[in-house]
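First the structure, in the form of C-alpha cells, and then the observations on it.
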Amino acid sequence: NPSLPPVTMVSPDSANNVTARFSPDGTRLFWWQPAGGANQLMTAGANLSNPTSVPVTSIADNPVLWSPDGSLIAVSSSNAGLLQVAVIPAGGGAPKQVSNVAGVAIPIGWHPDGDRVGYIATSAGAGGGTFRSFVTSVNHGGSSPLIPDEQRPNIGEWSPDGSRIGYLVIEGGH
C-alpha cells in the first residue's frame, strides 16, 4: 500500500523478542526474552539500542501494558509466586507487586486515571480454573472485584473514558 510508511525491521530474524510493545511516545520498547525455563523482561530504545534487563521474570510472555501517560508498565511477574501483577516505572526502577492471589493474576488493562490496573485472577484449590476480573490501585493498594455482583467467571474492561465497564461472562463452557 503506497500510503503506508515503509516497515523497518529492528531485530534480526534469529531474535526471539516475544510480545514486544512500543511506548506510547514510540521511544522505548519492552519485550520478553526467553531465559531458561522462564522469560526475562527486557527494555531498549525503539531501535533496540542499549538493551537492558529489567528485574522481572515470568513463566508467561503476556504483553506489557503501558499506563495511559506512559510512565508505568504492568506485567505478569513470577518474582513472587506463580504469576502476580507487577508495575514498573517505564524509565527504570524496582517492580512493585500489586496483586496477591493464590492462583495466577494477569494484567488486562489500565483505568484512564493511570492509578488502577485491571487484572484477571484464578483461585487455587477446588476453584483453580475459575477466573474473575479484579482491580487494584497502584498508589493505595488493595484489591476488589471489577464487577462486584458478578460471581460467574468473567473478563472486564473499562471504557476509554473509564465511566463504564464491559465484560464477558463464561458460563457452561460458552
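Details
- Each of Val104, Val117 has its accessible area taken with a 1.4 Å probe; listed largest first, they run Val104, Val117.
- Ranking Ile155, Ile88 from most to least accessible surface, computed with a 1.4 Å probe over the protein chains only, gives Ile155, Ile88.
- Inverse of mean 1/r across different Cα pairs in the chain, Kirkwood, Å: 17.2 Å
- Cα-centred dipole magnitude for the chain, charges only on beta-carbon of K, R (+1) and D, E (-1), debye, nearest 20: 240 debye
The values are calculated or read from the model by the stated rules, or taken from the named source; none is laboratory data. Note that the coordinates shown come from a computational prediction; the quantities given were computed from them, not determined experimentally. With ideal geometry, Cβ positions are generated from the backbone for all residues, glycine too; neighbour counts draw on all protein chains shown. Each accessible area value is taken on the protein alone, full model and side chains, heavy atoms only, with ligands, DNA and RNA left out. Shrake-Rupley method; radii C 1.70, N 1.55, O 1.52, S 1.80 Å.
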